[in-house]
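Everything on this sheet refers to the single structure shown next.
The values are calculated or read from the model by the stated rules, or taken from the named source; none is laboratory data. Since the structure is predicted, the reported quantities are computational estimates derived from the model, not experimental observations. Neighbour counts are summed over all protein chains in view; Cβ atoms, including those assigned to glycine, are modelled from backbone coordinates with ideal geometry. Heavy atoms of the whole protein, side chains included, go into the accessibility calculation; ligands, DNA and RNA do not. Shrake-Rupley method; radii C 1.70, N 1.55, O 1.52, S 1.80 Å.
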Amino acid sequence: MTSGAARYFAMAQKELLELVRSFKLLWVPLVFVLLGIMQPVSMYYMPLILEKAGNMPVGSVIEIPMPLGAEVLAQTLQQFGTLGLLVLVLAGMGTVSAERNSGAAALILVKPVSSFSYIASKWTSLLLLAWGSLTAGYLSSWYYTSLLIGEVDASRVLGSLLVYGLWLSFALALTLLFSTLLRSPAAAAFSALGASAALSLLAGVFPKQAGWLPGSLSGFAYQIASSGSAGSDRFGWSLACTAAAIAGSLLLAGQSLKRSASVD
Amino acid sequence: MSVPLLEVNGLSKTFGSVQAVGGIDFLICEGRCVALLGPNGAGKTTTIRIIAGLLKQSAGTVGFVDGDHVGTGGNRAMIGYLPQAPSFYNWMTGLEYVVYAGRLCGLPRSHAVSRAKELLERVGLNAAAKRRIGSYSGGMKQRLGLAQALVHRPKLLVLDEPVSALDPIGRREVLELLQELKRETTVLFSTHVLPDAEELCDDVIIINKGAIALQGNIAEIRSRYRQPVIELELERDEPSLKWADAFAERHRSGTNVSSQTAGLIYDVSRQGASVRFSVTEVDAAREQLLGELAAEKVRVSRLQVGYTSLEDLFMKVVSL
Ligand SMILES: Nc1ncnc2c1ncn2[C@@H]1O[C@H](COP(=O)(O)OP(=O)(O)O)[C@@H](O)[C@H]1O
Ligand SMILES: [Mg+2]
């Protein structure tokens, strides 16, 4: 193992330990699991809830068609895209700036470590948090959906999980970048959420022109979950574009940390 | 005998319109303990952070000397750094932190563990090694900071105000530890109090407002700038105090009655009822003064002849 890799592993190990000790590795997946379970359960009980709560005239028959299992999974992903993304970004917003502001980064970055390894170790822990939470939440949703509503193909679940995971990874790469560029964690969260929302909106409004942007990934994931295929020739482009954007964000973060007038 | 280790050349740093450090040069030789001494805001922290590579200078160079060659930029593997108020990961234990620091410096895990245990023992933290850093006192954190800075056996230990924030007991502990450490490695530390510098250092660099006011071997400076002084203690009566002020005024305006006095005494300062005369020749000045004191009927309670201390010199160069 080269010394650079050994240092990266040491830092990544520290990041994972921090995820555990700060209980982030517990409560973030818990939020996703709750969101994941809530969707099929609330769909299942919707008629009952309406009957109890609504001021329906006595004797009126409520006809709400039970949605397909695949649709419930797509709705779950939409939940992850709002509350889930918010929680992930909040968990990651101070990942670099908090250490720089407290002075802990000064003691680390003064050692013979590269700023890229430092950023890579932060990225590793964010990836683990995002994919772990998403997988836990989505699988719980799948389980309850097949129990209460209907079976969904494993291939659809896996496909949409991977595409959606890439979208969350992209949002977290932005969070990491802004956390390096900006000293305020709140400003970093705001910028990352704003940029993700703007990209999603762009892809929603101009599906033809902006379909190859990362913002269209969440839409493709819903498509895959509900219909089994992304249904667009821009899907491949948007995968490639997102991967490139993630790599670019990480390199930019490392470079800006290295170049900044005051490293700590 | 003295091998140069680190060379700082024309170093300056401006923050916006504030010039924190304005073109300083110095050389640190191997095995020396060097104090960077100056009042608050002098530019000590800025200088140290540039040397540690945490801050980019506006101009000038910092480099390790290797034979005839001076490197450019700090070499992180050669420096052990401890900031003014170190901040660790409070959720880690002291042992975990030093092991982590060792691994970041390239030690394999098992080496890092044994080195960390050795260092924590050394700084007197082995009983607290398995406790969370969040529960450490200020003195313990400072000693942990020393342990993590030493983990890779740096050639130069750079410490920013290592004892300034500590209570008297913590201060004593850290000073004693530094006394030992300076025998093993080259040390550069900053301080704003002269006694700390006098207690530890071989060489001193006095900086004020971002510029070097004075530098050199501390014993040499002490003897070179040693000046005779005559101190008068007056009774606190009106005429005597008036006389002192008048004398000082005449001295300043260069209209001293006796032209001889003007040459013998080059500085007069009064603080409360005590007056200090910095003189060139003790005997002649004393004679002059006694004559005037008798003639003016000044009530002297004590007259003492002595020498300026390093403290006087320090106060003088930093009040310019
Ligand atoms: N980040 C900064 N931005 C603006 N001014 C600064 C900054 N850091 C230090 N200064 C200014 O530079 C001068 C020197 O500061 P510093 O090096 O911290 O002094 P010292 O450590 O000797 O007390 C001070 O006037 C301080 O206000
Ligand atoms: Mg300072």
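Tabulated results
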item	result
Rounded tilt (10° steps) of A:185-205 against the dominant C-alpha axis of chain A	50 degrees
Fluctuation leader among A:Glu51, A:Glu18, A:Glu151 - chain A, Gaussian network, Cα springs under 10 angstrom	A:Glu51
Shielding by other protein chains, A:7-16, mean Cβ within 10 Å	3
Beta bridges by DSSP in chain B, antiparallel share as percent, to the nearest 5	70 percent
Residue with peak Gaussian network fluctuation, chain B [Cα springs, cutoff 10 Å], from B:Leu11, B:Leu290, B:Leu144	B:Leu290
Cα centre as origin, Lys/Arg/Asp/Glu Cβ charges: region B:226-318 dipole, Debye	100 debye
Centroid-to-centroid separation of region A:220-262 and region B:31-54 [C-alpha atoms, Å]	44 Å
Additional length obtainable on full extension of the chain from B:Arg224 to B:Val305, 0.36 nm per residue less Cα span	27.3 nm
When each of A:Lys258/B:Lys44; A:Lys111/B:Lys130; A:Lys258/B:Lys141 is checked by Cα-Cα distance, pairs over 26 Å	A:Lys258/B:Lys141
Whole-Hz couplings from phi, Karplus 6.51/-1.76/1.60, listed for region A:17-34; x for Gly and Pro	4, 5, 4, 6, 5, 8, 6, 5, 6, 9, 7, 5, x, 4, 4, 5, 5, 4
Among B:Ala284, B:Leu104, A:Pro29 - extreme Cα towards positive end, dipole of the protein assembly as shown, charges at beta-carbon	A:Pro29
Rounded to 10°, Cα long-axis angle of helix B:138-150 versus longest principal axis of chain B	60 degrees
Cβ crowding within 10 Å averaged over residues, with A:135-148, A:217-230, B:168-181 ranked highest first	A:217-230, A:135-148, B:168-181
Residue-wise HN-Hα coupling along region A:258-264, computed from phi with Karplus coefficients 6.51, -1.76, 1.60 (Hz; x: Gly, Pro)	5, 7, 4, 4, 10, 5, 8
Inter-probe distance in nm under a simple model that places probes 7 Å from Cα toward Cβ, at A:Leu16 and B:Arg236	7.2 nm
B:Met92 - accessible surface, heavy atoms, 1.4 Å probe, Å² rounded to 10	10 Å²
Gap separating the Cα centres of region A:165-187 and region B:72-145, nearest whole Å	30 Å
Choice from A:Ser249, A:Ser22, A:Ser232 with maximal GNM fluctuation in chain A (Cα, 10 Å cutoff)	A:Ser22
FRET E, pair B:Glu121, A:Leu83, Förster distance 41 Å, beta-carbon r, rounded to 0.05	0.25
Largest-first ordering by accessible area, 1.4 Å probe, given options B:Asp245, B:Asp196, B:Asp202, A:Asp233	A:Asp233, B:Asp245, B:Asp202, B:Asp196
Probe 1.4 Å, all protein chains present, accessible-area order of B:Asp203, B:Asp167, largest first	B:Asp167, B:Asp203
Packing-based ranking, highest mean first, of B:148-156, B:295-303, A:170-178 given that Cβ atoms within 10 Å are counted	A:170-178, B:148-156, B:295-303
J(HN,Hα) series, region A:127-139, from Karplus relation 6.51 cos²θ - 1.76 cosθ + 1.60, nearest Hz, glycine and proline x	4, 4, 4, 5, 5, x, 5, 4, 4, 4, x, 6, 5
Two-site FRET efficiency, A:Ala243 against A:Val205, from Cβ-Cβ distance with R₀ of 30 Å, rounded to 0.05	0.80
Exercise: per-residue mean of other protein chain Cβ atoms within 10 Å, B:99-107	6
Peptide A:99-107 - average C-beta neighbours from other chains (10 Å radius)	5
Residue order for B:Thr191, B:Thr14 - accessible surface, 1.4 angstrom probe, largest first	B:Thr14, B:Thr191
Percent RCO, i.e. relative contact order, over region B:226-318, from Cα pairs under 8 Å lying at least 6 residues apart	46 percent
Estimated 222 nm signal from helices in chain B, with DSSP H stretches of n ≥ 4 weighted -39500 (n - 2.57), rounded to 500	-11500 deg cm²/dmol
